[in-house]
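K.L.:
To start, I am sharing the structure in question, which I have written as structure tokens.
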Amino acid sequence: MKRLFAAIALCVCVSTTLAQVAPDAGRIQQDFERGRVPPAPPRTPAPPVIEQPARPALKAPDNVRFPVKGFRITGSTAFSEVQLLPLLKDFVGKELSLEDLQRAADAVTLYYRDRGYFVARAYIPAQDVRDGIVEITVLEGRIGGVTVKPIGDTRLRTQVVEGTLQRALPAGNLIRQEDLERGLLLLNDLPGTDVRSVLQPGATLGTTNLVAELAEGPLFSGEVDVDNHGNRFSGANRLGGTLTLSDPTGYGDLANLRVQAGKGATYARLGYAIPVGYSGLKLGGAYTGSTYELCCEFAALGARGNARTATLSALYPVRRSRDASIYLAATFDAHHYFNETAASTTSDKKTNVVNLSGNGDFRDAFGGGGLSYFTLGVSVGQLNLDGYAPDRAIDDATAQANGSYKKVAYSYTRLQRLGESFSLYAGLSGQFASKNLDSSEKFALGGPTGVRAYPTGEAVGDEGLLANLELR
């Protein structure tokens, strides 16, 4: 089993030397899929606009003061008086003005808002103060209704917007920031969708209605790109294009076509994903194909081949907020790889792989602010080399990769702000394997997101560890 270790721009390889090996269909397809720079973090919607009504309050001349022996808090269900009364201890046993009493109510409001109840407010209601006990009333803010307000031409169905927001914030529930954020972010995760929220007073005191302003981008969008991230034996320079179809059915679905080609390799992927229900769950499928023909040192071999992959996937956001998001994913891939030279077939193999993974991103204020990302995935696969008997015989006598295998892959990256002009990027990634793996499942050090001294698709192994540290 080949193990690889790399740190910064230094590569140290254990248990084997890095001999120059001709890439095959599995390796070339993996290079296409891993050669692109990771996308930017997902968008976060604008904070909700809150329209607050004037609160009913105690009226008294400015020179009137009230001897206060204690407080009584009404309207609070999220927190008990035992939790709230200690906030008011500095106001007890004094003669307080109306302004002082309002500061006491503001302390209760701040307690609520620091814990995510951002529309809650406490106030001093009109009352007769008896025995020195002052009443503070809390309007905690419960969701009343949800209304969708389309802006311009939109395709997304109203029921999708309402259903997603009502799933995150059921009618009658207290309005918490994390619940509202989840609903809005799930909607903004839909392709081409921009949803902003306005909170308005409800029909009854203490309720708040949510108005979702919905805007949507064009149905079709596309981009063209050029890079030099390809495998050097099939053409490092590549031209690519992506065509995206955003929300064609009105249910928040996405269809895209990705094509890319270099001197001796082509790649195409057709994918589709659609939300199921209103919880954020998405199901998808894709079909990928690639071809290659080697050049340079391997041109004399006439080595060429193709890869085909069918994919089924599911993605669920366990947590979705501005500061932290965690996703669980499950995928099933059915691969078929065919390789040959001018003289004969070299391999005809199939692999079925189930992958369970989690990934997430976190924002924090540590050291001036930063972003952290993680991924962790477990794969269980079955490699079948029976398509070409000589290849199976060679494998039985050497690598013994045929049959079932397991793999664990992980990564962690941190982008740390360093003042106004600089940031520090640190990354750690690697994988463990139960046995020798097929080329399509190996860990690669080379490429734009690894050790740049190694070209894409080189310095590969069954197990590996890669560390990056960059000043940006």
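K.L.:
Look through the range 118-139, keep the residues that are touching a Gly at 6+ places or on another chain (Cβ under 7 Å), at negative phi and not in a strand (DSSP E or B), and return whichever of them is surrounded by the most Cβ atoms within 10 Å (Cβ to Cβ).
P.N.:
Narrowing the range 118-139 to residues touching a Gly at 6+ places or on another chain (Cβ under 7 Å): 119-120, 132-133, 137-139.
From what is left, the residues that are at negative phi are 119-120, 133, 137-139.
After this cut, where a residue has to be not in a strand (DSSP E or B) as well, the list is 119-120.
Values: Val119: 22, Ala120: 26.
The qualifying residue surrounded by the most Cβ atoms within 10 Å (Cβ to Cβ) is Ala120.
K.L.:
Against the definition (in a loop (DSSP other than H, G, I, E, B), under 23 Å from the mean Cα position of the chain (by Cα) and not acidic (Asp, Glu)), how does Gly163 come out, yes or no?
P.N.:
no
K.L.:
Yes or no: Asn306 touching a residue at least 24 places away in the same chain (Cβ under 8 Å) and farther than 22 Å from Lys350 by Cβ? Let's see the steps before the verdict.
P.N.:
Values: touching a residue at least 24 places away in the same chain (Cβ under 8 Å): yes; farther than 22 Å from Lys350 by Cβ: no.
Judged against the criteria, Asn306 is not a match.
K.L.:
Looking only at residues that are touching a Lys or Arg at 6+ places or on another chain (Cβ under 8 Å) and surrounded by 15 or more Cβ atoms within 10 Å (Cβ to Cβ) in the range 80-94, which one is nearest to Val108 (Cα to Cα)?
P.N.:
For the range 80-94, the residue satisfying everything is Phe91.
K.L.:
Among the residues of the range 272-296, write down those that are free of Cβ contacts under 8 Å to residues at least 24 places away in the same chain and within 14 Å of Asp31 (Cα to Cα).
P.N.:
Matches in the range 272-296: Gly289 only.
K.L.:
So, one more: Output yes when any residue across the range 340-349 is modelled with pLDDT of 95 or more, surrounded by 14 or more Cβ atoms within 10 Å (Cβ to Cβ) and out of contact with any helix residue (DSSP H, G or I) (no Cβ under 8 Å at 6 or more places or on another chain), and no when none is.
P.N.:
So far as the range 340-349 goes, no, none of its residues is modelled with pLDDT of 95 or more, surrounded by 14 or more Cβ atoms within 10 Å (Cβ to Cβ) and out of contact with any helix residue (DSSP H, G or I) (no Cβ under 8 Å at 6 or more places or on another chain).
K.L.:
A follow-up question, please. Being in a strand (DSSP E or B), polar (S, T, N, Q) and touching a residue at least 60 places away in the same chain (Cβ under 8 Å) narrows it down to one residue among Thr208, Thr204; which is it? So that I can check it myself, show each step before the final result.
P.N.:
Working: Thr204 fails: in a strand (DSSP E or B).
Criteria check complete, one pass: Thr208.
K.L.:
Suppose we keep only residues that are crowded, with 17+ Cβ neighbours inside 10 Å and within 28 Å of the chain's Cα centre (by Cα) within the range 424-438. Which one would you say is farthest from Val380 (Cα to Cα)?
P.N.:
Only one residue tops the list, namely Gly427.
The values are calculated or read from the model by the stated rules, or taken from the named source; none is laboratory data. Just so it is clear, the structure is predicted and the values come from calculations on it, not from any experiment. Counting neighbours? That spans all protein chains shown, and the Cβs are built from the backbone with ideal geometry, glycine included.
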